[in-house]
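First comes the structure, then the notes that go with it.
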Amino acid sequence: MHPRGLFVSLSAIVSEATSISTSEAVDREARIGLSSAPKTLSPWLFYDEAGSRLFEEITELPEYYLTRTERSIFAAHAEEILREAASSHGPHPSGKLTLIELGAGTATKTGILLAEAVRQQGSVVYQPVDVSETALAEASENILTNIPGVTVRCQVADYTREALPLDRLPNTRTLALYIGSSIGNFTPEDAREVLRNLRAQLLPGDTLLLGTDLVPSAHKTEATLLAAYDDAAGVTASFNLNVLTRLNRDLGADFDVESFGHKVLWNPGESRIEMHLESLIAQSVQLPASDGGTALVFDFARGETIHTENSYKFTSDAVASLLAAASFKVTRSWHDPQCLFAVTLATAL
Ligand code: AVJ
């Protein structure tokens, strides 16, 4: 029999305290971002319940090639990925791999890697880390019913703000998964910081599997990239605009959502897709007083934007130097035939 079971860490129980600090964080973020010039809002604000649902919808859109392509890379190369991770050499005694995943969400693509880990080593411990308790509950239910041999230990945490609550089992190696191009939301400086924090929790010989979206190239046009963030069905537009609906609901702001438009551009100098919300008219928006500050009024000129997201795109050199800056060395990388997306295995030095 393979060990099975669900372990929920203590931090999962403090959801009430977490939700109080979440609405305080939303308030703080809105006050700072909307008072800045140019105006900004942080992408984590997208992911309320409606936004998380819209994101799941995005991942299934014909234009949004990222999720599907990364899944195809896992499907084609899971065996090699897991073998390379298990055999990466270091002073640490080799043993079974434990998989941890940063920002696991509902962990739909991870199943391919977990099933392969069970094939290679008989059983596997999987530690998904995410800020969303509901996403983690869905993830563990899916995995426990579909992949016998996996033990799931959910951890509710914000890996960008707190040290990772990593439980190391004796005589195991860790394979950390940071997939889905999640790293792409960070500026190069913050991305290095996130990977350094992760590296600090690992031992030499442990590995990281990093999923990154790639820059335009011979087989990947700028139009392909833009369409992924500006789909014909308008799901990404709804996802972007939903942040205003959220601020109205959570903070009592009075955004007229209809008078903002979804705007996407490719910034080649910074190597990133940018999403903005553009004010279609001159207008002002009120934010009521809260524990975090006094009532504020934000004036918008016609055509002025709120910068809501960066999604950085990489070359393989850029991936290697980002990893090197956090004391990882590239072991091997895989991409799809069109070079849309890359999956890179790196070893902690
Ligand atoms: C979740 C950050 C990987 O940047 O492609 C999708 C978010 N934004 N469509 C991305 C997103 C608009 C997504 N990441």
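Just a few scattered comments:
- Residue within region 33-41 that is open to solvent by less than 60 Å² (accessible area, probe 1.4 Å), modelled with pLDDT of 95 or more and in a helix (DSSP H, G or I) present: yes
- Region 110-130 - residue that is buried (at least 19 other Cβ atoms within 10 Å of the Cβ) and among the polar types (S, T, N, Q) and, of those, nearest to residue 96 (Cα to Cα): 127
- Boolean, residue 320 is open to solvent by 20 Å² or more (accessible area, probe 1.4 Å), without any contact (Cβ under 8 Å) to a residue 60 or more places away in the chain, out of contact with any strand residue (DSSP E or B) (no Cβ under 6 Å at 6 or more places or on another chain) and aliphatic (A, V, I, L, M): no
- Take the conditions (1) touching a residue at least 40 places away in the same chain (Cβ under 8 Å); (2) within 16 Å of the chain's Cα centre (by Cα); (3) within 25 Å of residue 88 (Cα to Cα); residue 128 misses just one of them, which is (1).
- Considering residues of region 131-168 that are among the basic types (Lys, Arg) and touching a residue at least 40 places away in the same chain (Cβ under 8 Å) only, the residue least open to solvent (accessible area, probe 1.4 Å): 153
- Condition check for residue 18: open to solvent by less than 70 Å² (accessible area, probe 1.4 Å) and at pLDDT below 95: yes
- Selection status of residue 169, away from the ligand (no atom under 16 Å from the Cβ), in a loop (DSSP other than H, G, I, E, B) and over 17 Å from the mean Cα position of the chain (by Cα): yes
- Of the residues making up region 203-220, none is farther than 25 Å from residue 267 by Cα, without any contact (Cβ under 8 Å) to a residue 24 or more places away in the chain and outside any strand (DSSP E or B).
- From the list 202, 210, the lone residue that is out of contact with any Cys (no Cβ under 9 Å at 6 or more places or on another chain) and closer than 20 Å to residue 68 by Cβ is 210.
- Failed criterion for residue 76 (all others in (1) surrounded by fewer than 18 Cβ atoms within 10 Å (Cβ to Cβ); (2) free of Cβ contacts under 8 Å to residues at least 60 places away in the same chain; (3) more than 16 Å from the ligand (Cβ to nearest atom); (4) more than 24 Å from residue 253 (Cβ to Cβ) hold): (2)
- Being within 12 Å of the ligand (Cβ to nearest atom) and either within 17 Å of residue 54 (Cα to Cα) or at pLDDT 95 or above (or both) is a description that applies to residue 225.
- The residues on offer are 254, 206, 230, and the sole one that is more than 13 Å from the ligand (Cβ to nearest atom) and open to solvent by 10 Å² or more (accessible area, probe 1.4 Å) is 254.
- Tally, over region 235-256, of residues that are touching a strand residue (DSSP E or B) at 6+ places or on another chain (Cβ under 8 Å) and free of Cβ contacts under 8 Å to residues at least 40 places away in the same chain: 7
- Residue 62 fulfils the conditions (1) more than 16 Å from the ligand (Cβ to nearest atom); (2) surrounded by fewer than 17 Cβ atoms within 10 Å (Cβ to Cβ); (3) modelled with pLDDT of 95 or more; (4) not polar (S, T, N, Q) except for a single criterion, (1).
- Residues within region 246-256 that are assigned to a helix (DSSP H, G or I) and over 22 Å from the mean Cα position of the chain (by Cα), tallied: 4
- Residue in region 257-270 that is surrounded by 15 or more Cβ atoms within 10 Å (Cβ to Cβ), assigned to a loop (DSSP other than H, G, I, E, B) and in contact with a strand residue (DSSP E or B) (Cβ under 8 Å, 6 or more places away or on another chain) present: no
The values are calculated or read from the model by the stated rules, or taken from the named source; none is laboratory data. Computed from a predicted structure; not experimentally measured. Heads up, the Cβs are rebuilt from the backbone with ideal geometry, glycines too, and the neighbour counts pull from every protein chain shown. Note: accessible area is taken over every heavy atom of the protein model, side chains too, but ligands, DNA and RNA are not part of it. Shrake-Rupley method; radii C 1.70, N 1.55, O 1.52, S 1.80 Å.
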